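**Q** Sending over a structure as C-alpha cells; questions will come in a sec.
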Amino acid sequence: MIPTAETSASVTRLAQQAAAARDRLITDGSFLGNSPAQWLQAIAAAAGGVTLLWVLRTLTERRLAKLAEQTDTVADDFAVALVHGIRTSLFVYVAIVGVDAFIAFPPPADEAVRIIKILALVLQGVAWTNVGVTFWLEQWARNNPRQSDRTTMAALGFGVRLVLWSLLVLLALQNYGVNITTLITGLGVSGIAIALAVQNILGDLFAALSIVLDKPFVLGDYIVVDQLEGTVEKVGLKTTRIRSVNGEEIIFSNADLLKSRIRNLARREGRRYVLHTTVALGTDAVRLSGIPELFKQAVEGQPYVTFQRSHLIGTTPAGHEFETAFLVTNADWLIALNARQAILLRVYSAFQREGIALASGMATVTSARGTA
C-alpha cells in the first residue's frame, strides 16, 4: 500500500502528540494528562478496593459456610456458592473503577477502559451463571435421583447456560454500540434455516426435555408402549431405552414415544383380576347359589385383596359360568400373583369339600385393569 498524504499527516500528528506527552512527563511528571498525585490516589483506590473485596469475600464465605452447615435451607447454600463464584474479573472491574474515580483518561484511552469494564462484568456474569445453573442442577438431581440421567442433565445445563450467555453477550454488544436489533434479525433467519435442517433432531431433543420435566415416566418405571413393554433404563437426548422382560433392549425415538399411548404400570395402585369359572351342568341349584359366597370367603381371607363381586352369569352346553372380580391393592406383581394363587387353591379346596365339580377343561382365569 502506498502512503497517501492524509496517512502521512495522521502519522505525523500522532508522533507530535506522543512527543508532547513525553515532554509533559519530563517537565511536570504528568501522564495521560494526570499528575503523579492523581495516579498515586488512583493506585491506592484500586488496591484498597481489591483488598476490601477480597476480605469481604473471604469472611463472608466462611461465615455463610458455617451458617449453611447448621441449617437445611437452600438459600444459604446458594449464597455460599455465589460468593465462592467471585472471579478475578470482578477484582479487575473494582480496580478499574478505583482508578477511573481519580483519573481522567483522554478519549481513546477512556473508551478502552469502558470496554474493559464491560468485558470484566460479562466474564463475572458468565461465572455466576455457571454457578447458578450447576447449583440448580445439583439440587434437582438430589431431589429427583431416579430422573438424574447424566446425559439429560448435561443437556439441560447446556441449554440454560446458552440462553443466559446469549443474553449477556447481547447486553455487552449493546453497550459497545452494536445494533443488536439487526443482529437478532439475522440470527433469527439463520436459526430458522438451521431448525428446518435438523427438525427431527430438535424434535427428539425437545421431547427429551418434556419427558424430564413433565415426568410421564422415570428411570426404573415399567411401561407399556403399544405391544412393547419393559423397564426404563435410560432417557437420552434422542432416544429412550427400555429393557423388556425377555432381556432385549428396546429403543424408542423420544418424539415417537411421546406420540404413543404410554401405560406406566409402576404407578398403578393395584391389579384387578377377573376369574371365569365353569362348573359341571350336573351341579344342583343349592350348591350353585353357594358358590359366590365360597369365592367371597376365599378372597376376604387374603391380605391386600378387596372383594368386588361374584355372580352366575350364564349357562352353556359346557356348564354353569361364574365370574368373580377382586382387586389386589398392592402394586407388587409377586404379591398379586401369590394372592391370586392362594384364592384359587382355597376355592378348589372348597369345591372339593362341597362336592362341586368343574367342567372339564373350562376353568379359566383372566386379568383386567380398572374397576368393575
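We did not get these values from a lab; they are worked out from the coordinates using the rules stated. This one's a predicted model, so the numbers in the text were calculated from it and none came from an experiment. Glycine also receives a Cβ, built like all others from the backbone with ideal geometry; neighbour counts cover every protein chain displayed.
**Q** What aspartates and glutamates does Lys117 reach when the alpha-carbon gap must be under 13 Å and sequence neighbours fewer than 8 apart in one chain are set aside?
**A** Here the aspartates and glutamates satisfying the reach criterion relative to Lys117 are Asp100.
**Q** Return one quarter of the surface area of the convex hull spanned by the alpha-carbon atoms of region 271-367, equal to its mean projected area, in nm².
**A** So the mean shadow area of the Cα hull is 5.6 nm².
**Q** So which aspartates and glutamates can Lys215 reach, going by Cα to Cα under 14 Å and dropping same-chain residues fewer than 8 places off?
**A** Within reach: Asp149.
**Q** Using the alpha carbon gyration tensor of region 210-267, what are the three equivalent-ellipsoid semi-axes (square root of 5 times each eigenvalue), largest first, in whole Å?
**A** Its equivalent ellipsoid spans semi-axes of 15, 12, 11 Å.
**Q** Here is a follow-up. Using 0.36 nm times the number of residues separating Asn130 and Asp72, minus their current alpha carbon distance, what extension gain do you get?
**A** On the way: separation 58, 0.36 × 58 = 20.88 nm, distance 2.29 nm.
Separation in residues times 0.36 nm, less the Cα-Cα distance, equals 18.6 nm.
**Q** By how many nm would the segment from Leu173 to Leu219 grow when fully extended, if each residue of separation counts as 0.36 nm and the alpha-carbon distance is taken off?
**A** 12.3 nm
**Q** Taking the Cα centroid of region 253-312 and of region 61-134, what is the distance between the two, rounded to the nearest whole Å?
**A** If we compute the Cα centre of each part, the gap is 66 Å.
**Q** Continuing with the same structure: Sort Tyr93, Tyr273, Tyr348 by Cβ crowding within 10 Å, fewest neighbours at the top.
**A** Fewest-to-most ranking of Tyr93, Tyr273, Tyr348: Tyr348, Tyr93, Tyr273.
**Q** Leaving out same-chain residues fewer than 8 places away, which lysines sit with a Cα under 16 Å from that of Lys238?
**A** Filter leaves Lys259.
**Q** Follow-up question, since we're still on this one. Cα convex hull of region 284-323: how many Å³ per residue?
**A** 66
**Q** Which order do Leu162, Leu173 fall in if you start with the one that has the fewest other Cβ atoms within 10 Å?
**A** Least crowded to most crowded, the residues run Leu162, Leu173.
**Q** Could you give me the ³J(HN,Hα) list for region 267-280, computed from phi with Karplus coefficients 6.51, -1.76, 1.60 and θ = phi - 60°, whole Hz, x at Gly and Pro?
**A** Result, rounded to whole Hz: 9, 6, 8, x, 10, 9, 10, 10, 9, 10, 10, 10, 9, 5.
**Q** Let me ask another. Determine, for Asp204, Asp221, Asp256, Asp284, the number of other Cβ atoms within 10 Å of each Cβ, and report the residues in order from fewest to most.
**A** On the way: Asp204 21, Asp221 18, Asp256 14, Asp284 9.
Final ranking by Cβ density, sparse to dense: Asp284, Asp256, Asp221, Asp204.
**Q** Right, here's the next one. Given a cut-off of under 8 Å on Cα pairs at least six residues apart, what relative contact order in percent is computed for region 271-367? Let's see the in-between values first.
**A** Numbers: 160 pairs, mean separation 44.3, N = 97.
Relative contact order here is 46 percent.
**Q** Using amide H atoms built in the peptide plane, which far-off residues or other-chain residues are under 5 Å from Arg309 H to H?
**A** Here Ala325 satisfy the definition.
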